[in-house]
1. Answer rounded, prolate or oblate for segment 68-113, using the Cα gyration tensor with square roots of eigenvalues a ≥ b ≥ c: rounded when a/c is under 1.5, else prolate when a/b is larger than b/c, else oblate.
2. Rounded if a/c is under 1.5, else prolate if a/b is larger than b/c, else oblate: which is segment 11-60, with a ≥ b ≥ c the root eigenvalues of its Cα gyration tensor?
3. Just reorder V134, V141 by solvent-accessible area, largest first, 1.4 Å probe, all chains present.
4. Amide H neighbours of T100 under 5 Å, counting only residues 5+ apart in sequence or on other chains, H built in-plane at 1.01 Å?
5. How large is the accessible surface per residue of the chain, computed with a 1.4 Å probe and reported in Å² as a whole number?
6. Normalising by the residue count of the chain, find the relative contact order in percent from Cα pairs under 8 Å and 6+ residues apart.
7. In whole percent, what relative contact order does segment 103-179 give with Cα contacts below 8 Å and a gap of six or more residues?
8. Can you give the FRET efficiency to the nearest 0.05 for R29 and R62, using r as the Cβ-Cβ distance and R₀ = 22 Å?
Amino acid sequence: PASSYARPFATQAPSDGERIPTLASLFARVKELGADPVRFNIETKIDPRRPADTADPDAFVRAILDAVREAGVLERVTLQSFDWRTLLAARRLAPGLATTCLTTQGGNADVRDAAGTWTAGLRLADHGSVPRLVKAAGCAVWSPNFRHLDRRSVGEAQDLGLQVIPWTVNQPGDMARLL
């Protein structure tokens with residue numbers, strides 16, 4: 001609780017002995033509950049700048065797909081990531097899997113990174129706008145930090161056939177502005 005990671009979540013309380021469920025156990029619990037309409041939005045937490053921290057993108061995606069296929073829920077899963085390498089791997093390994101390109105500007109995972117570190121080598125400079133970059137990556141859904149949205153970018157994304165789903169919109173005033 002005293003860590004820099006936990007401090008922003010001061011209202012959360014630790015619960016000794018609690019474990020994070022595996023993806024397979026989550027799917028099993030949803031099935032046990034008969035919650036067939038439930039969709040699963042799975043985010044790959046992988047950092048291209050720190051390859052030793054996780055499996056490589058293909059192995060990471062294969063592990064997810066193994067659990068998804070075993071549970072028979074492929075059509076109910078969307079895979080999202082700031083590291084678009086996992087999204088490209090997912091579309092190669094499971095062409096029918098829905099993918100969402102997460103974006104932010106500034107800080108970690110900056111979509112404006114000139115090297116395309118987070119965007120699987122695609123560069124914003126080559127595409128002219130974030131919506132066009134997302135379209136080039138093959139995502140049908142663009143999920144930007146809500147603070148980086150404006151009417152023009154939403155309109156452009158929609159004109160490109162992209163669905164726009166901003167992330168972490170918690171305040172009513174922000175919701176009203178976005179609507």
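1. Note, shape of segment 68-113 comes out prolate.
2. The shape class here is oblate.
3. Numbers: V134 0, V141 20 Å².
Putting V134, V141 in descending order of accessible area: V141, V134.
4. Residues meeting the criterion, in which the H sits 1.01 Å from N, are L79, Q80, S81.
5. 61
6. Numbers: 232 pairs, mean separation 25.4, N = 179.
This gives 14 percent for the chain.
7. 24
8. The pair R29/R62 has a calculated efficiency of 0.45.
The values are calculated or read from the model by the stated rules, or taken from the named source; none is laboratory data. From a predicted model like this one, the values you see are computed outputs, not experimental measurements. Note: ideal-geometry Cβ built from the backbone for every residue, glycine included; neighbour counts use all protein chains shown. Quick note on the areas: whole protein, heavy atoms, side chains included, nothing else; ligands and nucleic acids left out. Shrake-Rupley method; radii C 1.70, N 1.55, O 1.52, S 1.80 Å.
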